[in-house]
1. Give the peptides 137-143, 266-272 in descending order of average Cβ contacts within 10 Å, highest first.
2. Beyond a 25 Å Cα-Cα separation, which of these cross-linked pairs lie in this structure: Lys38/Lys279; Lys48/Lys152; Lys48/Lys112; Lys193/Lys279; Lys38/Lys276?
3. Distance between Cα centroids, segment 42-92 to segment 205-268: provide it in whole Å.
4. Compute the Cα gyration tensor for segment 167-253, then decide on rounded, prolate or oblate, letting a ≥ b ≥ c be the square roots of its eigenvalues: rounded whenever a/c is under 1.5, prolate when a/b is larger than b/c in the other cases, and oblate in all that remain.
5. Please report, in debye to the nearest 20, how large the charge dipole of segment 213-258 is about its Cα centre when each Lys and Arg carries +1 at its beta carbon and each Asp and Glu carries -1 there.
6. Show me 290-296, 179-185 ranked by packing, highest mean number of other Cβ atoms within 10 Å first.
7. Straight-line reach from Lys123: which aspartates and glutamates fall under 20 Å, measuring Cα to Cα and dropping same-chain residues less than 8 apart?
8. If you plug each phi of segment 198-214 into the Karplus form 6.51 cos²θ - 1.76 cosθ + 1.60 with θ = phi - 60°, what whole-Hz ³J(HN,Hα) values come out, in order, with x for Gly and Pro?
Amino acid sequence: MVGILVHGGAGTITGEARRQLSADGCDTAAREGYELLKSGASAVEAVKKAVEIMENLPQFNAGYGSVITEDQTVEMDAMLVDGATGSLGGVMGVSRIKNPILLCDTIRKESKHILFAGQGAEKFAEKHGYELINPEELITDRVRERYHNWIKRRENDSVDPEGRDKYGTVGAVAIDNQGRLAAATSTGGTLGKVVGRIGDTPLFGAGTYADQEIAVSATGVGEYIIQGMVGIEIGYRAKQTDLYSAVKEVLDVTNERFGPLGVIVINAAGELAFHKTTKDLAYSFMNESGIGNFLDNE
Ligand code: ASP
């Protein structure tokens with residue numbers, strides 16, 4: 001039984017229009033990923049496609065639409081994992097790549113290394129035929145506006161990391177017709193982050209994790225997710241208890257010790273789980289029982 005679950009970030013999604021936009025983007029990605037799985041594609045191909053689609057949509061904080069650093073630059077992180085073989089690729093702090101998730105796949109397939117950062121990642125990309133773009137092309141007017149609001153709030157000393165807006169990191173987990181699992185996550189990070197900051201997304205076992213039994217993609221403040229080792233913890237717990245309890249326990253502990261977050265998870269039995277300790281988590285899923293998204297549960 002094939003299936004895919006995608007997310008478009010955790011936090012607070014303000015306004016009906018934004019909620020709908022997030023849901024629509026998640027639905028499109030889930031549907032495309034599902035079509036691929038139905039046609040016999042691997043889980044890793046499906047999650048890559050779903051994330052690529054969301055990287056191209058301005059409503060999400062990944063690729064085009066990425067949030068900016070305090071110096072108004074773009075620094076994106078991403079990771080793609082094939083749970084069946086354990087092969088993975090990740091990038092950190094890249095600025096000139098249109099679709100970081102595609103570069104993760106090239107690293108996964110072509111390199112003896114797993115993680116590349118900044119200029120080195122871009123050099124690798126260029127060698128492998130990627131066009132290096134002007135990072136300004138990735139910044140939307142809305143992101144500039146959010147940045148200026150953030151500056152104002154910072155001046156008034158009212159930046160509240162707990163009550164933050166959803167930035168819209170994207171992720172996907174899937175199972176294919178051979179029972180193989182995969183996970184992918186891509187992000188511009190957190191709005192106003194200090195240049196050089198790396199989040200949980202490209203860290204295997206933190207924001208992105210997959211093996212033969214489980215695939216996980218997390219979203220929320222990366223520092224909390226890294227401190228909670230969320231991906232690997234869910235993997236361990238899921239061996240001891242049912243999937244949903246495993247997810248809930250890890251999120252509760254991480255929330256209590258560090259702060260709120262959201263995750264999507266799939267296991268080798270094709271069971272899906274999504275959970276959040278933030279106000280919202282944008283997600284959509286599609287499997288043989290149909291399609292659903294976070295708006296259906298409101
Ligand atoms: N986890 C991402 C990061 O910290 C941000 C997010 O999910 O909104 O880079």
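FYI, it's all coordinate maths here, none of it is from the lab. A quick note: this is a predicted structure, and the numbers were derived from the prediction, not measured. Don't worry about glycine lacking a Cβ; one is built from the backbone with ideal geometry, like all the others, and counts go over all protein chains shown.
1. Values: 137-143: 15.7, 266-272: 18.9.
Put in order of decreasing packing, that is 266-272, 137-143.
2. Numbers: Lys38/Lys279 33 Å; Lys48/Lys152 37 Å; Lys48/Lys112 20 Å; Lys193/Lys279 22 Å; Lys38/Lys276 29 Å.
Where the Cα-Cα span goes over 25 Å, the pairs concerned are Lys38/Lys279; Lys48/Lys152; Lys38/Lys276.
3. Value for the Cα centre distance between the two parts: 19 Å.
4. Oblate, because a/c is 1.5 or more while a/b does not exceed b/c.
5. 40
6. 179-185, 290-296
7. Leaving aside aspartates and glutamates fewer than 8 places away in the same chain, those within reach of Lys123 are Glu75, Asp77, Asp105, Glu110, Glu131, Glu136, Glu137.
8. Per-residue couplings from phi come out as 10, x, 7, 3, x, 9, 4, x, 9, x, 9, 7, 7, 9, 6, 10, 7 Hz.
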